[in-house]
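A quick write-up on the structure given underneath.
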Amino acid sequence: MAFLDADDWWDADKLRLQMACIERTGTVLCCTGRELMRQDGEPTGKSLGVPERITYHDMLRTNVIPCGSVVLRKDVAREFGFVCDRYHEDYILWLRILKKYKSAAGVNVPALKCRLSEGGKSRNKWKSARMQYGSYRYLGYGRLQSLYYMIFYTLHGFCKYLG
């Protein structure tokens, strides 16, 4: 299975690169980097990479898996499914999968072209931070642990968009 938002697009060889990576690594989930695009589809000049290997503990600190870049085995998607759309349901799904399957693979190529729209759910950083905290709480983490992970989420956010 693959995910793609209606206003984003992929490079022509994205799926081929990911299927080769899944074959080589044996992982159940593979993502790619992304290039940020303006609302009109023009490049912003900013790309965000992904690590070659992503673990559950890596993901607790920040979500490095862009939903529109994911290729996921169908049986795994059926096993877990999306839950709780009040929070970051894709992030919750990736964490649930990684808790069982231990790691995901990343292809560090910006094969996802991600359009930055003003109405996007993650564009409002305060709302996104509340959803992130809610995601930790939904996953069963206490208030202190959730705040601990929020520190990393916040620092990563500053580095990602301001750095």
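What the table below lists for this structure:
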read-out: Any hit, the stretch 48-58, residues being closer than 24 Å to residue 137 by Cα and either touching a residue at least 60 places away in the same chain (Cβ under 8 Å) or polar (S, T, N, Q) (or both); value: yes
read-out: Any hit, the stretch 40-56, residues being part of a helix (DSSP H, G or I), modelled with pLDDT of 95 or more and closer than 18 Å to residue 152 by Cβ; value: yes
read-out: Members of the stretch 5-35 found to be modelled with pLDDT under 95 and among the hydrophobic types (A, V, I, L, M, F, W, C), listed by number; value: 6
read-out: Check on residue 96, within 22 Å of residue 33 (Cα to Cα), modelled with pLDDT of 95 or more and surrounded by fewer than 19 Cβ atoms within 10 Å (Cβ to Cβ); value: yes
read-out: Given (1) more than 16 Å from residue 18 (Cα to Cα); (2) in a helix (DSSP H, G or I); (3) in contact (Cβ under 8 Å) with a residue 40 or more places away in the chain, number of the condition residue 68 does not satisfy; value: (1)
read-out: Tally of residues being open to solvent by less than 30 Å² (accessible area, probe 1.4 Å) and at pLDDT 90 or above across the stretch 105-127; value: 7
read-out: Residue that is surrounded by the fewest Cβ atoms within 10 Å (Cβ to Cβ) [pool: residues in the stretch 135-147 that are in a helix (DSSP H, G or I) and in contact with a helix residue (DSSP H, G or I) (Cβ under 9 Å, 6 or more places away or on another chain)]; value: 143
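The values are calculated or read from the model by the stated rules, or taken from the named source; none is laboratory data. The structure presented is a predicted model; accordingly, all values stated were derived computationally and were not measured. For neighbour counting, all protein chains shown are included, and Cβ atoms are generated from backbone atoms with ideal geometry for every residue, glycine included. With ligands, DNA and RNA removed, areas are computed over all heavy atoms of the protein, side chains included. Shrake-Rupley method; radii C 1.70, N 1.55, O 1.52, S 1.80 Å.
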